[in-house]
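Shown next, in structure tokens, is the structure this report addresses.
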Amino acid sequence: MAKIIVQDTEITVSTVNGEDYICITDMLKAKDGDFFVTDWLRNRNTMEFLGVWERVYNPNFNYGEFAIIRNQSGLNSFKISVKEFVART
């Protein structure tokens, strides 16, 4: 994994099959810390985007579990961590 520095913040860059991916978590932590990442994942639009991305790029994506998560997203009581999202989907 490579690292780039953006406004004094170290961002991880991973290369998979010749494609570069920046670490959104690193970027969000630099902005508002870990809490912001969890808050961002509560958003229904974020979940919709992640679902589309995973369908395109992840052949092992768990569509059934994602449907449950997506239906809960946006509710005041909904909260999910990156680790939990990855484990469940």
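Screening the chain for strands (runs of 3 or more DSSP E) wholly inside it with 2 or more residues that are surrounded by 13 or more Cβ atoms within 10 Å (Cβ to Cβ) returns the ranges 9-16.
Among the conditions (1) β-branched (V, I, T); (2) closer than 19 Å to T89 by Cβ; (3) under 15 Å from the mean Cα position of the chain (by Cα), the only one that I22 does not satisfy is (2).
None of the figures in this text is laboratory data; all of them are computed from the coordinates on show. All values reported here derive from a predicted model rather than from experimental measurement. Please note: Cβ atoms are built from the backbone with ideal geometry, for glycine as well, and neighbour counts cover all protein chains shown.
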